[in-house]
Amino acid sequence: MVQASFQSTNIPLFVITSDKYLNALKGFSYLFNKYWGRDQGVIVAGFQAPDFKLPDNFCFYSLGDMEHYPVEKWSNALIKLLHDFSNVEVFGLMLEDYWISRPVDRNAISILYWYMRQFKYVLKMDLCADRLYAAGATDYDNCGHLDLMRSDPASQYHMSLMTGLWNRELMLRYLIPDESPWDVELQGTPRVREDAGKVLVLGTRQWPIRHILAHRRGDPSQMSLGGLKLSDIEFMQDNNLI
């Protein structure tokens, strides 16, 4: 077990990467620190460590040799991560090509984090707009300035890996070995649906985090930067971050 220590102003936050996507951490970390803040710690979970320096608030954690975790066994790496950090109850999860495009509502994330610490039947709290625009989403509750939306049990992608907060113990309940990330999302959803009424997947109307998907179709050489500010793109180009 790894003992994770976080400041009270932080949430436990994991960013999952792989060897072929390590360069995406350059743009990710720049935009993260600009729009979320350098005082939020980030644990980057991958395999081979990057050959460039990450910002001081980023820590790299190796899950082992990537050859033991091909894409069709992606879930095995996530399961290992969650077992290694067994002292974490609720955590944020992102992928390395989720590049933040606007200032993050940190107060909202803190409110939602403590909401999940209190209500332990919430599997996931979507932090972007994935659940807001899912078919059949309904109003559920109010929390501070936030309007919570409940994901319709009949809808798809309850296990969506778009940026969100997760209950570690519940996530482990619905993960199984030897699944790709797409399998986790598609095949994991029916497993969650079996417990409809016992566990909830929630989101908000307020969309605390806005980010783009910088890489598409599993090809790190192809970039999609639509949604980023032109000034951010130019800065990253000038500083060899993209």
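Worth pointing out:
- This model, with +1 at the C-beta of Lys and Arg and -1 at the C-beta of Asp and Glu, gives the range 13-238 a dipole about its Cα centre of some 480 debye.
- For the range 82-88, Karplus couplings with θ = phi - 60° (6.51, -1.76, 1.60), whole Hz, Gly/Pro x: 5, 6, 5, 10, 6, 7, 8
- Listed residue (Leu228, Ala129, Leu22) projecting farthest to the positive dipole end of the chain, Cβ model: Ala129
- Ordering of 127-133, 53-59, 169-175 by burial proxy (mean other Cβ atoms within 10 Å per residue, highest first): 127-133, 169-175, 53-59
- Full-stretch length increase - Asp39, Ser86 - with 0.36 nm per residue and alpha-carbon distance subtracted: 14.6 nm
- Put in order of Cβ neighbour count within 10 Å, fewest first, the listed residues Trp207, Trp99, Trp74 become Trp207, Trp74, Trp99.
- Between Arg117 and Thr138, the contour length at 0.36 nm per residue exceeds the Cα-Cα span by 5.3 nm.
- Of all beta bridges that DSSP places with both ends in the chain, some 55 percent have antiparallel geometry.
- Cross-link table Lys34/Lys80; Lys26/Lys124; Lys34/Lys229; Lys124/Lys229; Lys80/Lys124; Lys73/Lys198, entries beyond 24 Å C-alpha to C-alpha: Lys34/Lys80; Lys26/Lys124; Lys124/Lys229; Lys73/Lys198
- Using just its DSSP H runs of length 4 or more, each adding -39500 (n - 2.57), the chain gives a mean residue ellipticity at 222 nm of -8000 deg cm²/dmol after division by all residues.
- Whether the range 13-238 is rounded, prolate or oblate, judged on the alpha carbon gyration tensor where a/c under 1.5 counts as rounded: oblate
- Using the Cβ-Cβ distance between Arg193 and Asp238 with R0 set to 51 Å, the FRET efficiency from 1/(1 + (r/R0)^6) comes to roughly 0.60.
- Whether the range 104-176 is rounded, prolate or oblate, judged on the alpha carbon gyration tensor where a/c under 1.5 counts as rounded: oblate
- Anisotropy class of the range 10-121 from Cα gyration tensor, a/c 1.5 cut: oblate
- The range 163-222 versus the range 27-96: alpha-carbon centroid distance in Å: 16
Computed from the coordinates by the stated procedures, all read-outs in this text should not be read as laboratory data. Given the structure is predicted, the values throughout are model-derived calculations rather than measurements. Glycine gets a Cβ as well: all are built from the backbone with ideal geometry, and neighbour counts include every protein chain shown.
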